[in-house]
Structures are given as structure tokens and as C-alpha cells.
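Note sheet for the following structure.
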Amino acid sequence: MSTAVVASPDVFRLARAALVGLGLSLLASGPLMARVDLNTASQSQLESIRGIGPSMSKRILDERKRNGPFVSPQDFARRVAGVGPKKLKSFQDAGLIIVAKPLPEPKRPAEAKATAQ
């Protein structure tokens, strides 16, 4: 003798509504992709970005090592051969980001000691 569990139609409607809501929220949040920071990424992380292959990733890493971190998308496009406005936009759409490190605060001059009385 077996016992069957029968769910009411309300349970199915509630489950369907929850799944539809989840799907819509995922669509609204945009594509699910990993963000890759240009200033900290390894070669394999850079190559995970559509359009960046071994040659481009090597140019990026060489330039970063030679002249330090990139400070803006425009700086990246100016310093790396083969990166123009269209390619830059494509890389950004694929998840490439540039997190520029804040510049250190300038050192303050030592405060003048009180003059002798």
C-alpha cells in the first residue's frame, strides 16, 4: 500500500510565481559575469575577458609592470597598443574594470615650532 502526496494547485502557482520572480530579478540585474580588475588580474584572468588573448594580455601585463597601474580607461587605451575606443567598450562590457588606487596624501610640512618668547 502506497501513499501519494497530492499538492494543491495553490502550491504550484506559488512555486511558479517564485521562480518567475527569481528569473526576472536575474534578468534585471544584467548578465552574470565576473569582474576582472585590470590592475590586479593575472594573465589567465585577463584572458577570461572576451577579446583578450595571450598577445593582448602579455602587452597589458608588460605595460603595467613597466609603468605602474592604469588610472583610467583612457590611460589604458593610450598605453596599450591595439586598444581603441571600440575595443575598450567591448572589454568593459565583458567585465573588465579599472580600480585605480588612491594617490597617497601629500606629506604635510612640519608645523613651525613656537618662536621664542
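When Ala28 is tested against (1) at pLDDT 60 or above; (2) open to solvent by 80 Å² or more (accessible area, probe 1.4 Å); (3) under 30 Å from Lys86 (Cα atoms), just one condition goes unmet, and that condition is (1).
List the helices (runs of 4 or more DSSP H) that sit entirely inside region 32-111 and contain at least 3 residues that are open to solvent by 30 Å² or more (accessible area, probe 1.4 Å), at pLDDT 95 or above and among the polar types (S, T, N, Q). Per the criteria, 43-47.
The values are calculated or read from the model by the stated rules, or taken from the named source; none is laboratory data. Here the structure is a predicted model, which is why all the values come from computation and not from measurement. Protein only, heavy atoms only, side chains kept; ligands, DNA and RNA dropped before computing areas. Shrake-Rupley method; radii C 1.70, N 1.55, O 1.52, S 1.80 Å.
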